[in-house]
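Taking it in order: structure first as structure tokens, then the write-up.
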Amino acid sequence: MINKTSEQLRTLMRLSAFCYFDRIRALLCVWGLLLMAVSAHAETKIHALTKVIEGHSTGGVTVDALGNIYVADSGEIVWKITPEGKRDVFASGLYGASGNAVDHEGNLLQSNFYGDSITKIDRKGQAQPFASSGLSGPVGIAINKQTGDVFVANCRGNSIAKIAKDGTVSLFAKSDLFNCPNGIAFDQEGNLYVVNYRDNKMLKVDSQGAVALFTTISAKGLGHLCFNQKDRFYVTASQSHEIYEVMLDGTVRRILGNGERGIVDGADTKARLSFPNGIVRHPWAQRLYINEFVNETPSSLPRRAIVREIIFGTDQP
């Protein structure tokens, strides 16, 4: 009787253990499926916002508080594009329209790479000179929100210029680490960051103008960058055909592209990019805007450009 009872107890224990672990396996399976669903939902995707724009190249991209996008063509024109993709000429008569930024009054500050100058364009598209001396191949523009001072990356001059509200230009930083400084942006603490077009370096510039290496990003040259107002930058790797995320601790993660040139919409490494240059984050939505040079080489003719929209998954801040 005792042996029979013991055997029954052992059988019951085995059945209980089987059922317990079977439930664990089932829960793990369900959890795995949920993670897969969340991961798929959180993919970063890219799609065309405009059609291919014939006869134009790529300069800077910025956005105003209403979500309108301003795209320079590296020539004479800046377009104003609505979030829905409607494109109109906003300003013309520029000379190498490159990097740009919108100030707190809604004016567009537009660099003229070949003209060594900055043009101020009001919300109605009326342009006037802002700075016309002390610049050498100006590209990226960043505005200090606390002071209103404007900082400009001088590609040819391998330096950063500071422009006061009255348009007075002074040298802010110069370093052997600069190699055609192109994109420029502030973080939330007021620290200045710059990326080089002719190499893969991202640099940090302190309030006194001292320059230090911050991180290395891609295999080749970089375009522009933007900050998400919280904890990370987004950087175009122009010569590598990719988009990168850079955290404030210097951690780098590729979020779009795989190094192969092309214009292919889609998610993550399935997407293909072609010489992405300008980049900006929407002021309140989970998306970025970039412009790309469609041709197979940076100098091939006729020139062709496109503006595309990057939409984040739910895991992005």
| ILE243 fails exactly one of the following numbered conditions: (1) open to solvent by less than 20 Å² (accessible area, probe 1.4 Å); (2) in a loop (DSSP other than H, G, I, E, B); (3) more than 30 Å from SER170 (Cα to Cα). What is the number of that condition? | (2)
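Tally time: how many residues in segment 190-220 are in a loop (DSSP other than H, G, I, E, B) and either surrounded by fewer than 23 Cβ atoms within 10 Å (Cβ to Cβ) or β-branched (Val, Ile, Thr) (or both)?
Step one: list which residues in segment 190-220 are in a loop (DSSP other than H, G, I, E, B), which gives 190-191, 197-200, 206-210, 217-220.
Checking the rest, the ones that are also either surrounded by fewer than 23 Cβ atoms within 10 Å (Cβ to Cβ) or β-branched (Val, Ile, Thr) (or both) come to 190-191, 197-200, 206-210, 217, 219-220.
Qualifying residue count for the region: 14.
Looking at ASP268, ASP231, which is the one that is of a type in the set (Asp, Glu), more than 24 Å from THR50 (Cβ to Cβ) and out of contact with any helix residue (DSSP H, G or I) (no Cβ under 8 Å at 6 or more places or on another chain)? Step through it out loud before you land on a result.
Numbers: ASP268 fails: more than 24 Å from THR50 (Cβ to Cβ).
Unique residue meeting the criteria: ASP231.
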| In segment 271-283, what count of residues is obtained for those that are assigned to a strand (DSSP E or B), open to solvent by 30 Å² or more (accessible area, probe 1.4 Å) and more than 11 Å from LEU225 (Cα to Cα)? | 1
| task | Might you let me know whether segment 225-236 holds any residue that is open to solvent by 10 Å² or more (accessible area, probe 1.4 Å), of a type in the set (Val, Ile, Thr), assigned to a strand (DSSP E or B) and at pLDDT 95 or above? | result | no
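One line per residue, one yes/no per condition, for (1) over 23 Å from GLY183 (Cα atoms); (2) small (Gly, Ala, Ser); (3) in contact with an Asp or Glu (Cβ under 7 Å, 6 or more places away or on another chain):
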{"residue": "ASN258", "(1), (2), (3)": "no, no, no"}
{"residue": "GLY266", "(1), (2), (3)": "yes, yes, no"}
{"residue": "PHE275", "(1), (2), (3)": "no, no, yes"}
{"residue": "GLY278", "(1), (2), (3)": "no, yes, no"}
{"residue": "ASN291", "(1), (2), (3)": "no, no, no"}
{"residue": "PRO298", "(1), (2), (3)": "no, no, no"}
{"residue": "LEU301", "(1), (2), (3)": "yes, no, no"}
{"residue": "ARG308", "(1), (2), (3)": "no, no, yes"}
| Hey, among ASP187, ASP265, which residue is in contact (Cβ under 8 Å) with a residue 12 or more places away in the chain, surrounded by fewer than 20 Cβ atoms within 10 Å (Cβ to Cβ), touching a Phe, Trp or Tyr at 6+ places or on another chain (Cβ under 7 Å) and closer than 20 Å to VAL280 by Cα? | ASP187
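Each row is one residue, and each column tells you yes or no for (1) among the small types (Gly, Ala, Ser); (2) free of Cβ contacts under 8 Å to residues at least 24 places away in the same chain; (3) in a loop (DSSP other than H, G, I, E, B); (4) open to solvent by less than 50 Å² (accessible area, probe 1.4 Å).
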| position | (1), (2), (3), (4) |
| --- | --- |
| THR269 | no, yes, no, no |
| ALA285 | yes, no, yes, yes |
| GLU309 | no, no, no, yes |
| GLY313 | yes, no, yes, yes |
| For segment 278-296, does any single residue satisfy the condition of being among the small types (Gly, Ala, Ser) and modelled with pLDDT of 95 or more? | yes
| query | Restricting the search to segment 59-77, which residues are touching a Ser or Thr at 6+ places or on another chain (Cβ under 7 Å), in a loop (DSSP other than H, G, I, E, B) and open to solvent by less than 20 Å² (accessible area, probe 1.4 Å)? | reply | GLY59, GLY60, ASP73, GLY75
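The values are calculated or read from the model by the stated rules, or taken from the named source; none is laboratory data. Bear in mind that the values here come from a model prediction, so they are computed numbers and not experimental data. Note that each Cβ is placed from the backbone with ideal geometry, even for glycine, and that neighbours are counted across all protein chains shown. Please note that ligands, DNA and RNA were not included when accessible areas were found on the heavy atoms of the full protein model with its side chains. Shrake-Rupley method; radii C 1.70, N 1.55, O 1.52, S 1.80 Å.
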